[in-house]
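Take a look at the structure set out below.
The values are calculated or read from the model by the stated rules, or taken from the named source; none is laboratory data. Quick caveat: nothing in here was measured; it's all calculated off a predicted structure. Note that we place each Cβ from the backbone using ideal geometry, even for glycine, and neighbour counts take in every protein chain shown.
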């Protein structure tokens, strides 16, 4: 009952914040007022992080699996101040693990649902840009038909569905230094205030680095990105995610990323949360 109340409170808070009224003469007030759906994101998603809204695939090169991401983030309210920009946004994501069979069949093994709201801020600082994002987010997960052995009538590998749910708050701060090479560093903590199962720890930490290379071709940018996530599952463990590729489009805006990817750590899928995996892959994302 207490968990149901917490979830109801979480959803109610999301709806209240998304629909909270602002003074009519402040909304659409122009350059210094609140703007509705102004476009763009105040805090750019971390490229190599596995928990960012995006649309795309990763084909596991050494496994018979595909990760499918379908999601988006939006800043629905923003306001420019003298020294920076503040925004309120929301993000939604499903990240799904599929198997690749013959004849274009892709049974779904497990799907995770990620959604929440965020408060973001950025401001120019020295020769770069500081940005911060505060998230209030929910994740839940479910096994699907691809994990069930219909011939034997059992769940595959003896893993039956579990109740997996997390509500957490997270703060991530970043600094981007401009120049011929563009560097971006980010780091921040996460606190999980409602969690099932209880083998998962309540704290996590994330940090990462991104490097963008200069080339003469407009709207094509090579990059490399690394994301580190420290999680508590039977003790502290490090999840490593590396991505390198080409960004087609605006460097810090909309476009298509084509990349190679490496991951080593615990599975990002909640139903498999205690399974350690390692894979190389290639993929593409449509960035927002």
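Before moving on, here are some points about what is shown:
- Of the numbered criteria (1) touching a residue at least 24 places away in the same chain (Cβ under 8 Å); (2) over 17 Å from residue 182 (Cα atoms), the one residue 235 fails is (1).
- Taking the conditions (1) surrounded by 20 or more Cβ atoms within 10 Å (Cβ to Cβ); (2) out of contact with any strand residue (DSSP E or B) (no Cβ under 6 Å at 6 or more places or on another chain) in turn, residue 197 satisfies each one other than (1).
- Pairs linking a residue in the range 36-64 that is more than 16 Å from residue 120 (Cβ to Cβ) to a residue that is modelled with pLDDT of 80 or more and part of a loop (DSSP other than H, G, I, E, B), with Cβ atoms under 6 Å and 6 or more positions apart or on different chains, are 50/268.
- Boolean, residue 40 is assigned to a strand (DSSP E or B) and either surrounded by fewer than 17 Cβ atoms within 10 Å (Cβ to Cβ) or modelled with pLDDT of 90 or more (or both): no
- Matching entry among 47, 68 (being out of contact with any helix residue (DSSP H, G or I) (no Cβ under 9 Å at 6 or more places or on another chain), assigned to a loop (DSSP other than H, G, I, E, B), modelled with pLDDT of 70 or more and crowded, with 17+ Cβ neighbours inside 10 Å): 47
- Check on residue 191, in contact with a strand residue (DSSP E or B) (Cβ under 6 Å, 6 or more places away or on another chain), surrounded by fewer than 14 Cβ atoms within 10 Å (Cβ to Cβ) and assigned to a strand (DSSP E or B): yes
- Taken as a whole, the condition of being in a strand (DSSP E or B) and within 19 Å of the chain's Cα centre (by Cα) applies to residue 245.
- Selected residue (only one of 253, 270 is within 18 Å of the chain's Cα centre (by Cα), at pLDDT below 95 and exposed (fewer than 15 other Cβ atoms within 10 Å of the Cβ)): 253
- Residue 21 vs. criteria loosely packed, with under 14 Cβ neighbours inside 10 Å, touching a strand residue (DSSP E or B) at 6+ places or on another chain (Cβ under 9 Å) and either at pLDDT 90 or above or not in a helix (DSSP H, G or I) (or both): yes
- Filter pass, residue 170 being free of Cβ contacts under 8 Å to residues at least 60 places away in the same chain and farther than 24 Å from residue 242 by Cβ: no
- Selection from the range 73-107 of residues that are at pLDDT below 90 and not in a strand (DSSP E or B): 81, 82, 83, 100, 102, 103, 104, 106, 107
- Residue in the range 118-134 that is over 21 Å from residue 43 (Cα atoms), modelled with pLDDT under 95, in contact with a strand residue (DSSP E or B) (Cβ under 8 Å, 6 or more places away or on another chain) and assigned to a strand (DSSP E or B) present: no
- Restricted to the range 138-188, and to residues there that are closer than 20 Å to residue 228 by Cβ and surrounded by fewer than 17 Cβ atoms within 10 Å (Cβ to Cβ), the residue that is farthest from the chain's Cα centre (by Cα) is 177.
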